[in-house]
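Take a look at the structure set out below.
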Amino acid sequence: MVVVMTILGIISMIASAVIIETMKVYARIVPALDASYKAQSAVQRMKREIHDLKDTASITSLTASAFTFDDVADNTIAYAVAGGDLTRNGDLLANGVSAMTFRYWQRDGSPAASPADLHLVELDLTVQNGDQAYRLRTPVFPRYLGDIQ
């Protein structure tokens with residue numbers, strides 16, 4: 001009986017060590033997954049809507065932290081970053097944003113100085129959750145260009 005209790009005690013100690021380590025890993029992964037989900041869902045929506053940009057004449061704001069334009073259905077879409085929040089038309093799209101930059105490029109690869117020069121919009125988003133950060137950087141070609149779908 002003493003031998004069985006000793007063996008059960010050893011097995012319990014090993015099992016508790018495994019459970020504790022698993023919980024530590026889980027506690028580290030959940031914030032990273034949350035940051036990843038926020039960044040990916042925000043970027044996917046922005047990509048879809050920027051792809052539907054009506055034309056360069058419909059762009060009203062073209063800065064590193066804000067982008068406002070009309071889509072093909074004549075809906076005005078305004079993205080802005082302030083105080084750690086990424087908003088779309090004033091509604092929260094993602095919180096915990098530690099960095100968001102819009103970059104605009106011409107067809108020749110140089111920075112676009114005006115809406116008329118726009119060929120490509122590059123999104124660079126970093127979402128922070130606790131000590132975990134997730135960065136997502138992606139290009140978006142507006143479909144009005146015709147040569148890129």
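The values are calculated or read from the model by the stated rules, or taken from the named source; none is laboratory data. Remember, it's a predicted structure, so these values are computed and weren't measured experimentally. Ideal geometry is used to build each Cβ from the backbone, glycine not excepted, and the neighbour counts take in all protein chains shown.
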Any residue that is surrounded by 14 or more Cβ atoms within 10 Å (Cβ to Cβ) and without any contact (Cβ under 8 Å) to a residue 12 or more places away in the chain - is there at least one of those in the stretch 83-105? yes
Thr68 passes all but one of (1) part of a helix (DSSP H, G or I); (2) under 30 Å from Phe102 (Cα atoms); (3) of a type outside the set (D, E, K, R); which number fails? (1)
Which is part of a strand (DSSP E or B), of a type in the set (Gly, Ala, Ser) and at pLDDT below 95, of Ala73, Ala133? Ala133
Among Ala32, Ala17, the single one that is touching a strand residue (DSSP E or B) at 6+ places or on another chain (Cβ under 9 Å) and of a type in the set (A, V, I, L, M) is Ala32
Return the total of residues in the stretch 15-49 being surrounded by 15 or more Cβ atoms within 10 Å (Cβ to Cβ) and farther than 29 Å from Val72 by Cα. 5
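For the structure I just gave you, tell me whether Thr126 is of a type in the set (Val, Ile, Thr) and more than 22 Å from Ser58 (Cβ to Cβ).
It is true that Thr126 is of a type in the set (Val, Ile, Thr) and more than 22 Å from Ser58 (Cβ to Cβ).
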Just one of the numbered conditions (1) more than 15 Å from Lys38 (Cβ to Cβ); (2) in contact with a Pro (Cβ under 7 Å, 6 or more places away or on another chain) is not true of Phe141; which one? (2)
Looking only at the stretch 116-130, which residues are under 18 Å from the mean Cα position of the chain (by Cα) and either in a helix (DSSP H, G or I) or among the hydroxyl-bearing types (Ser, Thr, Tyr) (or both)? Thr126
Within the stretch 50-64, which residues are free of Cβ contacts under 8 Å to residues at least 60 places away in the same chain and either in contact with a His (Cβ under 7 Å, 6 or more places away or on another chain) or surrounded by fewer than 17 Cβ atoms within 10 Å (Cβ to Cβ) (or both)? Ala57, Thr60, Ser61, Thr63, Ala64
Looking for something within 28 Å of Ala133 (Cβ to Cβ), of a type in the set (Gly, Ala, Ser) and touching a Ser or Thr at 6+ places or on another chain (Cβ under 8 Å) - is there at least one such residue anywhere in the stretch 37-52? yes
Does the stretch 69-82 hold any residues that are surrounded by 11 or more Cβ atoms within 10 Å (Cβ to Cβ), in contact (Cβ under 8 Å) with a residue 12 or more places away in the chain and either polar (S, T, N, Q) or more than 15 Å from Leu125 (Cα to Cα) (or both), and which are they? Phe69, Asp70, Asp71, Val72, Thr76, Ile77, Ala78
Could you tell me whether the stretch 24-34 includes any residue that is within 21 Å of the chain's Cα centre (by Cα), in a helix (DSSP H, G or I), closer than 14 Å to Val97 by Cβ and in contact (Cβ under 8 Å) with a residue 24 or more places away in the chain? yes
Could you please let me know if Ile14 is farther than 20 Å from Ala133 by Cα, within 19 Å of the chain's Cα centre (by Cα) and not in a loop (DSSP other than H, G, I, E, B)? no
